[in-house]
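The values are calculated or read from the model by the stated rules, or taken from the named source; none is laboratory data. Note that the coordinates shown come from a computational prediction; the quantities given were computed from them, not determined experimentally. Methodologically, a virtual Cβ is constructed for each residue, glycine included, from the backbone with ideal geometry; neighbour enumeration extends over all protein chains shown.
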């Protein structure tokens, strides 16, 4: 007779001591191993209204090798608020998002390139004085 024992760990089980790594986001000042790629991969943020932003990534997609932006994500700290995902296309990647609180300075956008990882840019806090001038 053979006796076998096994530890069963369900998908919902969490090891509280396990540290989950925060993903690496490349920036203009920290391109990591992708030196020279920030000009075409770092998201560009523009306010289009008091609480609306437009995000564009100035990458010109290519067919060979297939090179494009897979997603643009709006984060508050490390928490995802909204995302727009893209299939391959030859257009520049663009997304529009509504900020829950435009005066809060913890938002950032991340662009995910299929070849060159993730690129991050902060969303500048919208100050009351800036709103009054517009």
- State which residue is modelled with the lowest pLDDT when the search covers only the range 122-134 and only residues that are surrounded by fewer than 20 Cβ atoms within 10 Å (Cβ to Cβ) and either touching a strand residue (DSSP E or B) at 6+ places or on another chain (Cβ under 6 Å) or part of a helix (DSSP H, G or I) (or both). 129
- Quick one: which residue in 59, 33, 90, 75 is modelled with pLDDT of 95 or more and more than 11 Å from residue 109 (Cβ to Cβ)? 59
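For (1) over 18 Å from residue 119 (Cα atoms); (2) without any contact (Cβ under 8 Å) to a residue 60 or more places away in the chain; (3) over 11 Å from the mean Cα position of the chain (by Cα); (4) exposed (fewer than 13 other Cβ atoms within 10 Å of the Cβ), each residue gets a yes or a no:
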site	(1), (2), (3), (4)
64	yes, yes, yes, yes
67	no, yes, yes, no
71	no, yes, no, no
74	no, yes, no, no
78	no, yes, no, yes
81	no, yes, no, no
86	no, yes, yes, no
101	yes, yes, yes, yes
107	no, yes, no, no
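Restricting attention to the range 88-99, and to residues there that are in a loop (DSSP other than H, G, I, E, B) and surrounded by fewer than 19 Cβ atoms within 10 Å (Cβ to Cβ), which single residue is nearest to the chain's Cα centre (by Cα)?
From the range 88-99, those in a loop (DSSP other than H, G, I, E, B) are 88-92, 99; that's our starting set.
Now narrow it down to the ones that are surrounded by fewer than 19 Cβ atoms within 10 Å (Cβ to Cβ): 88-92.
Numbers: 88: 17, 89: 19, 90: 20, 91: 19, 92: 16 Å.
It comes out as 92.
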